[in-house]
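All remarks here apply to the structure that follows.
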Amino acid sequence: GQQLNQSPQSMFIQEGEDVSMNCTSSSIFNTWLWYKQDPGEGPVLLIALYKAGELTSNGRLTAQFGITRKDSFLNISASIPSDVGIYFCAGRPGGTSYGKLTFGQGTILTVHP
Amino acid sequence: SAVISQKPSRDICQRGTSLTIQCQVDSQVTMMFWYRQQPGQSLTLIATANQGSEATYESGFVIDKFPISRPNLTFSTLTVSNMSPEDSSIYLCSVEGGVDYEQYFGPGTRLTVT
């Protein structure tokens, strides 16, 4: 099946630092989604991207849909302790697979106060 | 976004038994999905459940092991049958909603099989 490579696997940063993580795919996606999962909870949708080249912000979060449609990145600016969690990218190919998401392996973020 | 609840939130079960997980949505949705998240791992799609039709299973998942019901547009169940310790995971339901069919997740059911 399709694979998404998400990096880095984990990050340890100081409060106030900026964070960047990305996902790459071997095939084209029509939608990229970024989720955050806190311990014991389901993933929460942060940002959705639908067009190649699209740059979208949600507060301190910014995500971009790569121009090749095979990659996406998520930036978090001025990190705070509540940013701690696991961040997942997910891609949807569209067409006959409309609805099915493929998830990256996740990035574990630790923020030291 | 849709509000999704799951029951039970967690359970500890003995091997060889079965557990049925319920997913309830506060609005009518066409497509519902069931995912498995093994300890420390990412999410893997088990099956897609559309109301009024048989669930569609992904490679590696079969109906005898994970029977699914979808009796109406707001409810679905996933049964984990004849459980073994390898079935210990978080099971999540999700729905498509919003203008652009984003996927939203329930809080998950944490299953431990002993």
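Here are a few things to note about the model shown:
- Taken as Cα centroids, the stretch A:33-51 and the stretch B:37-114 sit 18 Å apart, rounded to the nearest whole angstrom.
- Rg in Å to one decimal, and Dmax rounded to a whole Å, for the stretch B:28-114 via C-alpha atoms: 12.8, 43
- Candidates B:Ile68, B:Ala2, B:Ile21 compared by Cα position along the dipole of chain B: farthest toward the positive end lies B:Ile21, with charges placed on Cβ.
- 3J(HN,Hα) along the stretch A:66-74, derived from phi through the Karplus expression 6.51 cos²θ - 1.76 cosθ + 1.60 where θ = phi - 60°, amounts to x, 5, 7, 6, 10, 7, 7, 10, 10 Hz, with x in place of Gly and Pro.
- HN-Hα J in Hz across the stretch B:28-33 - Karplus 6.51, -1.76, 1.60, θ = phi - 60°, x for Gly and Pro: 6, 10, 7, 9, 10, 10
- Extension gain for the segment B:Asp100 to B:Asn72, taken as residue separation times 0.36 nm less the Cα-Cα distance, is 7.8 nm to one decimal.
- Area buried, chain A against chain B - accessible surface, total, 1.4 angstrom probe, square angstrom: 1500
- Normalised per residue, the accessible area of chain A is 46 Å², obtained with a 1.4 Å probe and no contribution from ligands, DNA or RNA.
- Taking only the C-alpha atoms of the protein assembly as shown, Rg followed by Dmax gives 17.5, 51 Å.
- Shown for the protein assembly as shown: cysteine residues without a partner Cβ closer than 4.7 Å, namely B:Cys13.
- Relative intensity of the stretch A:1-96 on a log10 scale, I(q)/I(0) at q = 0.11, 0.14 Å⁻¹, equals -0.31, -0.50, per a Debye sum over C-alpha point scatterers of equal strength in the absence of solvent.
- Between the beta carbons of B:Thr79 and A:Ile108, assuming R0 = 41 Å, the FRET efficiency works out to 0.85 to the nearest 0.05.
- At least 50 Å² of accessible area lost relative to the chain alone, listed for the stretch B:34-49 with a 1.4 Å probe: B:Ser42, B:Leu43
- Grouping the Cα pair distances of the stretch A:31-87 into 5 Å bins from zero gives a pair-distance distribution of 4, 19, 28, 22, 16, 8, 2, 0 percent in increasing distance order.
The values are calculated or read from the model by the stated rules, or taken from the named source; none is laboratory data. Since the structure is predicted, the reported quantities are computational estimates derived from the model, not experimental observations. Cβ atoms come from the backbone with ideal geometry, glycine included; neighbour counts cover every protein chain shown. Each accessible area value is taken on the protein alone, full model and side chains, heavy atoms only, with ligands, DNA and RNA left out. Shrake-Rupley method; radii C 1.70, N 1.55, O 1.52, S 1.80 Å.
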